[in-house]
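What follows is calculated from the coordinates using simple rules that are stated; it is not laboratory data. If you're wondering where the values come from, they're calculated on a predicted model, not measured in any experiment. Note that each Cβ is placed from the backbone with ideal geometry, even for glycine, and that neighbours are counted across all protein chains shown.
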Amino acid sequence: MPESHPGWVTGINDFEARLATGALVTTHQFTDQLDPLRVRSGLRDSPSTPGRLTLATNRVTVLPFQAVIQDPARPALGAYVVTLDAPKELPLTASDPSLNRTDLVIAEIVTDAPGFLVRVVEGERTSNTTPQPPTVTNPLHLRLGQIFVPSGGATPTYTDTRQFTAALGGILPVRGNTDLPSAATGPQSQFIYRLDTRELQVRSGNNWVTYRPPRGSVDTWHALSASGWSNYGSPYAPGAYTITEDGWVRLRGLVKTSAARAAGAVIYTLPSPYQPRHKHIFTAMSSNGPIRLDVNSAGQVLLGPALQADDWLSLEGVAYAALATYTT
């Protein structure tokens with residue numbers, strides 16, 4: 001019968017236990033009738049670089065990790081949850097005097113106890129300068145890394161091939177374009193986080209695109225208030241500032257001064273979330289025509305030339321990236 005025992009009740013067998021566990025993992029995103037049973041095989045992400053390889057002379061060390069492994073061709077057998085609970089050092093065959101090779105480090109489900117193994121799969125020796133990695137016939141495996149072992153004792157190099165997974169409905173970490181799930185299939189609710197570009201992405205049609213919060217959902221307009229300055233009044237917008245969903249601070253409004261202002265006078269000081277990393281120079285319209293207006297890294301909005309009492313000043317067009325927007 002197609003019905004399985006409910007998860008974790010009396011009478012459940014091993015593959016039903018794996019199916020129950022797999023219900024908590026994000027999908028593999030095929031498009032056939034068995035797709036609800038499939039999970040995305042991969043490592044559970046953490047700050048300590050789980051499953052990462054470190055190379056030394058004639059050996060490679062795999063850092064601890066937890067992962068989910070499933071054969072997508074046989075989803076009814078369920079997903080295996082595996083754990084490497086300590087660093088594992090593996091031997092790496094010395095380089096050949098004249099031939100190159102590419103080795104793989106894999107984590108796989110095996111029939112022998114304890115049923116899970118992390119090992120090196122050695123590649124074929126060849127004179128080709130870009131040797132292909134070996135073929136792994138066991139479908140229940142994860143590739144943790146690819147090691148190019150050049151001839152003549154040159155230093156091996158390592159390519160990270162780890163694939164990550166996530167809880168159902170969670171944000172899926174991916175290393176880059178080669179690790180992206182298909183955008184043409186799978187749930188529209190899936191979010192991914194690009195480890196290479198540090199972007200959050202969502203599906204748009206058949207493509208992954210950078211996520212942008214809905215306009216107006218990040219902030220609202222905050223009134224600018226400073227002694228001796230007031231709003232010019234209708235029909236012009238009042239003086240205000242905000243930060244947009246893309247991390248840009250914007251000013252708006254038409255204001256006027258009740259007293260004469262010296263060149264370089266501070267008009268407003270914006271709070272820290274709205275301050276720029278660098279000083280910016282803008283051109284603003286005023287009673288005297290175009291004038292200079294500065295915003296410095298302390299958030300001070302500075303007048304360029306002097307203004308007289310009752311002169312007006314437009315803040316429209318002042319926009320810059322907030323400090324938190326910078327990544328370097």
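Tabulated results
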{"quantity": "Rounded FRET efficiency, nearest 0.05, which uses the C-beta distance separating ALA298 from TYR211 and R0 of 35 Å", "calculated": "0.65"}
{"quantity": "Listed residue (GLY115, PRO47, ASN58) projecting farthest to the positive dipole end of the chain, Cβ model", "calculated": "PRO47"}
{"quantity": "D_trans [Stokes-Einstein, Kirkwood Rh over alpha-carbon pairs] for segment 58-103, 20 °C, 1.002 mPa s, µm² s⁻¹", "calculated": "157 µm²/s"}
{"quantity": "Value of [θ]222 nm, deg cm²/dmol, for the chain, DSSP H segments ≥ 4, -39500 (n - 2.57) each, nearest 500", "calculated": "-1000 deg cm²/dmol"}
{"quantity": "Packing-based exposure ordering (other Cβ within 10 Å, fewest first) of VAL82, VAL218", "calculated": "VAL218, VAL82"}
{"quantity": "Extension gain from THR57 to GLU245, taking 0.36 nm per residue of separation minus the Cα-Cα distance", "calculated": "62.8 nm"}
{"quantity": "Computed E for LEU90/ASN13 - FRET, C-beta separation, R0 30 angstrom, nearest 0.05", "calculated": "0.35"}
{"quantity": "Alpha-carbon Rg/Rh ratio, for segment 83-129, with Rh computed the Kirkwood way", "calculated": "1.09"}
{"quantity": "Inter-site label distance for SER230 and ALA154 at 7 Å from Cα along Cβ, in nm", "calculated": "7.7 nm"}
{"quantity": "Backbone N under 11 Å from the LEU200 label point (7 Å along Cα→Cβ), restricted to segment 153-186", "calculated": "171"}
{"quantity": "Ranked list, fewest to most other Cβ atoms within 10 Å of each Cβ, for LYS256, LYS88", "calculated": "LYS88, LYS256"}
{"quantity": "Packing-based ranking, highest mean first, of 244-252, 263-271 given that Cβ atoms within 10 Å are counted", "calculated": "244-252, 263-271"}
{"quantity": "Long-range Cα-Cα pairs in segment 222-325 (distance over 17 Å), rounded percent", "calculated": "46 percent"}
{"quantity": "Size of electric dipole in segment 222-325: Cβ of Lys, Arg +1 and of Asp, Glu -1, about Cα centre, debye, nearest 20", "calculated": "160 debye"}
{"quantity": "Kirkwood-Stokes translational diffusion coefficient of segment 211-280, alpha-carbon pairs, 10 °C, 1.306 mPa s, µm²/s", "calculated": "115 µm²/s"}
{"quantity": "Contact order normalised by residue count of segment 139-261, Cα under 8 Å, 6+ apart, percent", "calculated": "13 percent"}
{"quantity": "Stokes-Einstein diffusion coefficient of segment 119-199, Kirkwood radius over Cα pairs, 4 °C, 1.567 mPa s, in µm²/s", "calculated": "84 µm²/s"}
{"quantity": "Point-charge dipole on Cβ atoms (K/R +1, D/E -1) for the chain, about Cα centre, debye to 20", "calculated": "800 debye"}
{"quantity": "Space enclosed by the convex hull of the alpha-carbon atoms of the chain, per residue, Å³", "calculated": "226 Å³"}
{"quantity": "For segment 14-168, size of Cβ-based charge dipole, Lys and Arg +1, Asp and Glu -1, in debye", "calculated": "260 debye"}
{"quantity": "Binned Cα-Cα distances of segment 169-211, short to long, each 10 Å bin given as a whole percent", "calculated": "32, 63, 5"}
